[in-house]
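Every number here is computed from the coordinates shown, using simple stated rules; none is lab data. These figures come from a predicted structure and were not determined experimentally. Counting neighbours? That spans all protein chains shown, and the Cβs are built from the backbone with ideal geometry, glycine included.
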Protein chains: 2
Amino acid sequence: MEEPMYIRIHNQIKRDIEKHVYKVGDRIPAERQLAVKFGVSRMTLRQAIKTLEDEGILERRLGSGTYVASQKVQEKMSGIMSFTEITEANGQTPSSKLITYQIGKPSLSEKERLGIKPDDEVLRMERIRFADDTPICHEVVTIPYKLVENISKDDISTHLYETLEKNGYQIGRVTEHISAAVCNENDARLLKAKKGEALITRRQVTELSDGKPFEYTRARYVAERFEFTFSK
Amino acid sequence: MEEPMYIRIHNQIKRDIEKHVYKVGDRIPAERQLAVKFGVSRMTLRQAIKTLEDEGILERRLGSGTYVASQKVQEKMSGIMSFTEITEANGQTPSSKLITYQIGKPSLSEKERLGIKPDDEVLRMERIRFADDTPICHEVVTIPYKLVENISKDDISTHLYETLEKNGYQIGRVTEHISAAVCNENDARLLKAKKGEALITRRQVTELSDGKPFEYTRARYVAERFEFTFSK
DNA sequence: CAGTGGTCTAGACCACAAA
DNA sequence: TTGTGGTCTAGACCACTGA
């Protein structure tokens, strides 16, 4: 007996929903019936249902029944979606191009946001992100250099979060600020946009689980080509 | 017997943790002991522990025991913050002024977003939101009229959500899209802003728990005076 | 009213952790 | 080995929903 029964029942019901044996909005059989069908006690069956409810796949209504919750895809995207997620959700292919990668002294705002000393060096990366070869976003990422001095440029620029976690760091709170700005000449050149059109601006500070900031990102998106989506 | 036992036990243990009877990192008594102490079966006791675990207050370690988890404060502010929350967090006073309130035919986009028929009438409200008397945001809210035809104008314009819930409706999923735009003459007049400067745009569709959209909002914020904040 | 989910019991055996 | 949490049973009574 590898897996517990309630996990196996969970998986079976999930598969049934994916195969449209139970469709969105359908009422699934009552707990007592399912318990008989799977040959388990009602408590065990309820444990399976509970995990599906926690995942937002099922919805229980007292006195009425247990129903397949609406949507399925959207469930995951509670909270802000990343550039990659939004682009892929639109059926486009995300890509990015690193345009600068340098180590140097922090600016005033970098020093403040990252909570570091003026002497501490920072790694600064600049990137353009594309959806199907259309430039969408210009992004500057700053990291205290001593946190990543033993990590390769390739790992930093492509799998920063995974690499940090492999090296024993734990990602904590992420705070984002979103506003807007007008496209200047530099933006226009980098993003192939028109001066004077609207951009979305985003600032993000990512902390480690001990509360120390480790990444400060500023990004500017062409509003004509992009929007952020949230759900709750 | 008002509350279920497992809820009462949940609350009791939570209070004990708040009173430092059990401190962060402490192991609390074993399930079987607590079950005896509270005079319930072990399954019921486990249900109480489970809810505390889901809240991140307790942490169970197989074969070892159940421990008081670290953190506590961070819980609340996950996700997008509302205008009122952001303004108050900045130490300013939010207010709003209703500038139009009319019943009429839906526009094409209103019809689509709200999933209604062309003949169905809609209630459309237009509002300016202020922080300390500075105009921040221009907002248009559209609601299928038949949902609110028995509700007073005052309730609709000031306590829409609460009033709906009192009338037996249940709020469901909320989806928001955020992008940017350039301030036009109308925006400039309403928001006392300059034509050509940057605005944040927000579209929001709020559904009832049955998945039917009941509110479609479009809002434009002066970027110089406002930003959205998220945390996770 | 009958059927549903919500709660609860008093046991049981298991796998895992720590001594 | 002892104690822990993880799983599971075969019942029970309750409150709620909907016909």
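Taking the C-alpha atoms only, the angle from helix B:153-166 to the longest principal axis of chain B is near 30 degrees. Relative contact order of chain A, taken over Cα pairs closer than 8 Å and 6 or more residues apart, is 16 percent. Straight Cα distances below 23 angstrom link residue B:146 to the lysines B:105, B:111, B:117, B:166, B:212, with same-chain residues fewer than 8 positions distant left out.
Calculated mean residue ellipticity at 222 nm for chain B: -9000 deg cm²/dmol, from DSSP H runs with n ≥ 4 weighted as -39500 (n - 2.57), summed, divided by the residue count and rounded to 500. Share of pairwise Cα-Cα distances greater than 19 Å in segment A:5-75 is 23 percent (whole percent). Each principal axis of chain A carries a Cα extent, and these read 68, 40, 28 Å when sorted largest first. According to the Kirkwood expression over distinct Cα-Cα pairs, how big is the hydrodynamic radius of the protein assembly as shown, in Å? Here the Kirkwood hydrodynamic radius works out to 26.0 Å. Put a dot 7 Å past the Cα of residue A:95, heading toward its Cβ, do the same for residue B:184, and the two dots end up 3.6 nm apart. How far is it, in nm, from the label point at residue A:53 to the one at residue A:162 when both lie 7 Å from their Cα along the line to the Cβ? Distance between label points: 3.6 nm. Net charge in the neighbourhood of residue B:106 (other residues with Cβ under 14 Å of its Cβ; Lys, Arg +1, Asp, Glu -1) is +1. Judged by the gyration tensor of its Cα atoms, with axes a ≥ b ≥ c, segment B:116-232 is prolate; a/c meets the 1.5 cut and a/b is the larger of a/b and b/c.
Note on residue B:195/residue B:109: beta-carbon distance plugged into 1/(1 + (r/R0)^6) with R0 of 25 Å gives a FRET efficiency of 0.55. Sorted ascending by nearby beta carbons within 10 Å, beginning with the fewest, A:175, B:217 become A:175, B:217. In this label model, residue B:33 and residue B:153 are separated by 6.6 nm, measuring between points 7 Å along each Cα→Cβ vector.
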